[in-house]
Amino acid sequence: MHGSHITRADFLDVLLDKARQLEIDIRHHAVVEEIHCGSAEVVLKDGARIQGDVVVGADGIYSKTRDTVLNQPCPPSPANDIAYQATISRSALKALNAGHLDELCSKTKITTWLGSAQHTVFFPVRQGEEYMLVTYHTHSAPPAAAVVAAAADGLSQMQALHQGWDIRLQTILAHATFFSQTTQHTLRTLPTWTNARLILLGPASRIIPSYQAQDLAATLEDAAVLSTLLGLLAHYNPEPHLLPRLLPEILALHETLRKPAAVQAVQDGLLSRRVLQVGHPVGQALRNWFLGGAGITRDTDAGWLKLVSAQQEPRLGDGLLGETRARFEAWRTERLPLLLAAESRSSAGYGIGRKRLRCWTY
Ligand SMILES: Cc1cc2nc3c(=O)[nH]c(=O)nc-3n(C[C@H](O)[C@H](O)[C@H](O)COP(=O)(O)OP(=O)(O)OC[C@H]3O[C@@H](n4cnc5c(N)ncnc54)[C@H](O)[C@@H]3O)c2cc1C
């Protein structure tokens, strides 16, 4: 990690290490083919059946779990935006011996170039040993005309898109390695994220446009809220036969807590694209004036994170988890006694997240 940036692959390794420490049963390359919402059971492609307390559908943009939750196909819609990603190592940049890149490469924060219908971000990853370059480009033609090209074409497309731009950017692109090309997608606001003991998480439930680079951060917040709620419920050690009634309520509580922020984040993301990629000169002057006011100019880079962080601040940390605990407490006071009063406690005890039921597939 360098500054606040980490690649998806590195972050996945961090999560896997933690999961191994917690002795979670990890099934590599397992494919879920069937999900039973009521019994929280999944059936894998190899026929294995796994039953848990809840099923969390964190299967990304093209989620099939989403279809199960809604009882109908609900695919995302391709947008007219493509994200091109390229990488270049620090050593490759140094080998160029290009003095005009020194200042750029000494930065630990994000550098952004803004243009009509396109913007590009450049930032260090892997302890500054590598740089990531991402171009968000809005096509006027339907996406079908611009979809997945061969890897070599991707880099030449990136180069073509930056003709006449900052010479430093052109130099980097001339030596970068193409990484990926992704058509961006949108998703309508779903009527629900849950069905009995099944819940959607992250881009399976909403797709936050990439322009603020906040989707994964929001997904981690989703995970923090959900695990806090389940942990709080487990603390009350409810009897097993109550779980089919309690867990759907807890999952619905999670949706209530997270959906408004998700809807807002989608709107913020789309607004960011309009602001960053405005084409009209008057609009561009206004944008530059606004960004300048937020501390973002050609000569500074600190303001960018300040702007993004300022928007995120109220949602992160103790504020969010404090609110989660308060909402759980309100639910517990109102609902739990009603359910528990009718039943006597089992001396055997029961905990959510019993080791044998904690299973990840990926
Ligand atoms: C170009 C691009 C740039 C981005 N940049 C940023 C950024 O800078 N900052 C940021 O915060 N976010 C960014 N994002 C968003 C970020 O990638 C997502 O928020 C994040 O990947 C969501 O994680 P996830 O685990 O929910 O879904 P995914 O990462 O999509 O993972 C879903 C997993 O589910 C698995 N799966 C699917 N179906 C099944 C099945 N039937 N059985 C078993 N497994 C299955 C898939 O194989 C996959 O491993 C970017 C996204 C894109 C496309």
Answer yes or no: is there a residue in region 86-105 that is within 10 Å of the ligand (Cβ to nearest atom) and open to solvent by less than 60 Å² (accessible area, probe 1.4 Å). no
Exactly one of A196, A234 is on the phi > 0 side of the Ramachandran plot and assigned by TED's automatic domain parsing to the domain that holds K64, and that one is A196
Need the failing condition index for G154 against (1) open to solvent by 30 Å² or more (accessible area, probe 1.4 Å); (2) at pLDDT below 90, just the number. (1)
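Here's the yes/no breakdown for (1) in contact with a strand residue (DSSP E or B) (Cβ under 7 Å, 6 or more places away or on another chain); (2) at pLDDT below 90:
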| site | (1), (2) |
| --- | --- |
| E221 | no, no |
| P238 | no, yes |
| L246 | no, no |
| E255 | yes, no |
| R258 | no, no |
| Q277 | yes, yes |
| A285 | no, yes |
Of the residues V278, V263, which single one is outside the structural domain of V69 (by TED's automatic domain parsing), among the aliphatic types (A, V, I, L, M) and either closer than 30 Å to H119 by Cβ or surrounded by 14 or more Cβ atoms within 10 Å (Cβ to Cβ) (or both)? V278
Hey, can you tell me all the residues within region 232-263 that are closer than 20 Å to T333 by Cβ and free of Cβ contacts under 8 Å to residues at least 12 places away in the same chain? H235
Would you be able to say whether some residue in region 30-45 is assigned to a strand (DSSP E or B) and at pLDDT below 95? no
Residue that is more than 10 Å from the ligand (Cβ to nearest atom) and either surrounded by 14 or more Cβ atoms within 10 Å (Cβ to Cβ) or of a type in the set (F, W, Y) (or both), where the choices are V42, V69, V32: V69
With the requirement that a residue be more than 12 Å from the ligand (Cβ to nearest atom), of a type outside the set (D, E, K, R) and without any contact (Cβ under 8 Å) to a residue 40 or more places away in the chain, what does region 1-29 give you? V14, Q21
State all residues of region 88-109 that are within 13 Å of G128 (Cβ to Cβ) and not polar (S, T, N, Q); if no residue qualifies, say none. I88, R90, L93, K94, L104, C105, K107, K109
Selection count where residues are in contact with a helix residue (DSSP H, G or I) (Cβ under 9 Å, 6 or more places away or on another chain) and either in a helix (DSSP H, G or I) or open to solvent by 10 Å² or more (accessible area, probe 1.4 Å) (or both), scope region 225-242: 10
Quick one: in region 204-220, of everything that is of a type in the set (S, T, Y) and more than 6 Å from the ligand (Cβ to nearest atom), which residue is nearest to A9 (Cα to Cα)? Y211
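The values are calculated or read from the model by the stated rules, or taken from the named source; none is laboratory data. What you see is a predicted model, and the numbers here were worked out from it, not measured in a lab. Cβ coordinates were reconstructed from backbone atoms using ideal geometry, including for glycine residues, and neighbour counts include every protein chain displayed. Note: areas computed on protein heavy atoms with side chains; ligands, DNA, RNA excluded. Shrake-Rupley method; radii C 1.70, N 1.55, O 1.52, S 1.80 Å.
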